1. Between Gln243, Gln293, Gln182, where does the largest GNM mean-square fluctuation fall for the chain, given springs only between Cα atoms within less than 10 Å?
2. For a quick check, take a GNM of the chain with Cα springs below 10 Å and name the residue from Gly251, Gly227, Gly195 with the largest mean-square fluctuation.
3. Take peptides 154-164, 63-73 and line them up by average Cβ neighbours within 10 Å, highest first, as a rough protection proxy.
4. Send over a whole-number figure in Å² for the accessible area per residue of segment 273-348, probe 1.4 Å.
5. Tell me the label only: which of (1) 26, 46, 24, 4; (2) 30, 60, 9, 0; (3) 29, 57, 12, 2, 0 is P(r) over Cα pairs in 20 Å bins from 0, in percent as calculated from this structure?
6. Considering only protein heavy atoms and a probe of 1.4 Å, how much of the accessible area of segment 162-222 is carbon and sulfur, as a whole percent?
7. Using a Gaussian network for the chain with springs between C-alpha atoms less than 10 Å apart, which of these wobbles most: Thr246, Thr18, Thr153?
8. Would you calculate a helix-derived [θ] at 222 nm for the chain, using -39,500 (n - 2.57) for each DSSP H run of n ≥ 4 and dividing by the full residue count, to the nearest 500?
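The values are calculated or read from the model by the stated rules, or taken from the named source; none is laboratory data. Quick caveat: nothing in here was measured; it's all calculated off a predicted structure. With ideal geometry, Cβ positions are generated from the backbone for all residues, glycine too; neighbour counts draw on all protein chains shown. Keep in mind that these areas ignore ligands, DNA and RNA; they rest on the heavy atoms of the full protein, side chains included. Shrake-Rupley method; radii C 1.70, N 1.55, O 1.52, S 1.80 Å.
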Amino acid sequence: MENRKVRWGIIGTAEIATKVVAGMHDAENADVVAVASRSLDRAQAWADEYDVPQAFGSYDELLADDSIDAVYIPVPTAHRNEWIKKAARAGKHVYAEKPLADGIEEAIDVCKENGVQFMDGTMWLHSTRTQDIEKRIANGDIGDVRRVTSAFTFKAPSKEWYEGGNGRTDKSREPMGCFGDQGWYPISATLWSFGYELPERVQMTFVSKNSIDTIVACGGTLWFSDGRMATFDAGCELAHRSQVETVGDAGLIRIDDLVGGQGRSGNFAAYGERFTGSTRYILGDANGKDTEQEVEPCDHVVKLVEKFSNIILTGELDDQWPKRSLACHRVMSALFESAESNGAVVSL
């Protein structure tokens, strides 16, 4: 393994980048060296505020910097594939925000062809809690997983936000709307629970759209082989929930702060802050006795950045991450097809 820090560039100054750059600063094997925006003034102001030494006035200028090893890409979903491919062709490893858009298969192929790592921004997958639960499921601690229920919802902060004032509620920026942004979490949690086995068929059973024809709330069902199934809901019309319950024939595991990890504290602002959560989950037995399990706290953004940087330093690409991303995207695409087809059942 190389004895150095990975040099990171950031393409875009979206809100989520403020959380990620904090994690990059805290990661032991990473240095944030540059940020790019479509305006040099904006890039420089952002760089000054978040302690980034170099600012570029275009994304292409950053990609032309041969000293940069990896890039983080939080540009809007509708434009992300273009920059994933450009980054890969420039020899940069790619950490891209989720969700993914139509054509991501080609973009990931370009990453593979150019020998660079691809990973999406599903942060909770990298926490110590997630690793602990994965071992329990693999060890058969809850038996055979048969049912998964999951949700990620919150109430839109204003009518303007709900009616397209945010990227999540404007399909020109987020093609699947709130389903794309928020639904990625319950769908990824479902697939994670089932070891990334794909369902046989899916159906979007409920869809709510705003005045500009963008999904703002939804729910659906996924059917797996041998009678196993999952249900989910997501969107910006209900109270805040961020949860998954994975149920086996010998027990269950329940998480009530899946995405943000701040617990049911009411601190919604924690989503944008440095993260020290994901410390607890519920383990239930077959008779209904629940016990609270504790794990070491961690910043799952830091864990993601360190994992990604370690892949670069070892020179050993890890294909499980693009495979996970593609599995989630494939199921999301099928559910979106169902939503756009009046709730038709879609086979995978």
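1. Looking only at Gln243, Gln293, Gln182, the largest GNM fluctuation is found for Gln293.
2. Gly227
3. The packing order, highest mean first, is 63-73, 154-164.
4. Per residue, segment 273-348 has 49 Å² of solvent-accessible surface.
5. Derived directly from the coordinates: (2).
6. With neighbouring chains kept in place, the figure for segment 162-222 is 46 percent.
7. So, out of Thr246, Thr18, Thr153, the one fluctuating most is Thr18.
8. Dividing the helical sum by the residues of the chain leaves -10000 deg cm²/dmol.
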